[in-house]
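The structure under discussion appears below in the form of structure tokens.
The values are calculated or read from the model by the stated rules, or taken from the named source; none is laboratory data. Values in this document were obtained by computation on a predicted structure and should not be read as measured data. Cβ coordinates were reconstructed from backbone atoms using ideal geometry, including for glycine residues, and neighbour counts include every protein chain displayed.
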Amino acid sequence: MSEESPEPDSVARRTPPAVAVVDAQTPGNVGTIARAMKNFGFEDLLLVDPPELDPDGEAYGYAGHAREDILPNATEITFDHLVENYHTVGCTAVTNEDDHSHVRFPFSTPAELTDRLATVEAQTALVFGRERVGLTNEELARIDEICSIPASAEYPVLNLGQAATITLYELRSLTLSDAETQLPDLERSRAAEPTIDRVYDQWAALLEELNHPEEKREKTMRMLRRVYGRADLTEGEANTLLGLLRRATERPDRQ
């Protein structure tokens, strides 16, 4: 773990937020947060009063591949250094505060925070507190803004590792482009219109073969066009449907 980092550059840069964990009680949660950072493209881990992070212990065991870079490169800093050198976003449970009774108000959700931070140039840190009590009122009073995950009013409190994972997932667009994720088929190629038209023609032939009431066929075809229009059939899907409709129209039971 490195020593306290130098002052951020005087010229603001648009960089992914750092992730700060204040006074975590268990090494496993630090490892879980490091793993979530690795999942969603965050790199800079800041630790305030951390537990001992034994390379053979829970933190490294829970960190997955983050044990190779994020965790060993984490920087231990003081809370004073954190609030003096970063724009801080405290992540905490909803406290039912409003503009009449509050320590920090209003709250942003992670999704709202994502939209705004995408256009803000500042050295930013997402700050997570302790497992049981989160961030104290004294700490919240020194934080620049608050982010809270919408959850059930009956039980809004999340585990530290869960809260960090959800927040970093929501903010992943700040660190990862679509091309950098593992999701396939981000773009669909719609079948050519002549192919789609053959699907409609085959449906019309099937309705006739089934003796579907003639006065209802026009309405049925409009419904099918709406359904397939929303579906954006690919060429392969359209050809498969054509084959099925053709066999149904030919009524193999009559062969």
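Here are the numbers:
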item: Members of the stretch 193-217 found to be free of Cβ contacts under 8 Å to residues at least 24 places away in the same chain, part of a helix (DSSP H, G or I) and closer than 22 Å to Arg251 by Cα, listed by number; result: Asp197, Asp201, Ala204, Leu207, Glu208, Glu214, Lys216, Arg217
item: Hits in the stretch 218-248 - residues which are without any contact (Cβ under 8 Å) to a residue 12 or more places away in the chain and aliphatic (A, V, I, L, M); result: Met223, Val227, Ala231, Leu244
item: Top-ranked residue of the stretch 205-220 - restricted to ones that are closer than 22 Å to Ala238 by Cβ and either in contact with a Lys or Arg (Cβ under 7 Å, 6 or more places away or on another chain) or of a type in the set (Lys, Arg) (or both), ranked as surrounded by the most Cβ atoms within 10 Å (Cβ to Cβ); result: Leu207
item: Whichever residue in the stretch 139-173 is assigned to a helix (DSSP H, G or I) and among the aliphatic types (A, V, I, L, M) and, among such residues, is surrounded by the fewest Cβ atoms within 10 Å (Cβ to Cβ); result: Ala141
item: Considering residues of the stretch 226-255 that are assigned to a helix (DSSP H, G or I), of a type outside the set (A, V, I, L, M) and surrounded by 14 or more Cβ atoms within 10 Å (Cβ to Cβ) only, the residue farthest from the chain's Cα centre (by Cα); result: Thr249
item: Odd one out for Ala34, checked against (1) surrounded by fewer than 16 Cβ atoms within 10 Å (Cβ to Cβ); (2) of a type in the set (A, V, I, L, M); (3) at pLDDT 95 or above; result: (1)
item: Tabulated pairs, the stretch 126-140, first in contact (Cβ under 8 Å) with a residue 12 or more places away in the chain, second basic (Lys, Arg) and surrounded by 18 or more Cβ atoms within 10 Å (Cβ to Cβ), C-beta under 9 angstrom, 6+ apart or interchain; result: Leu140/Arg104
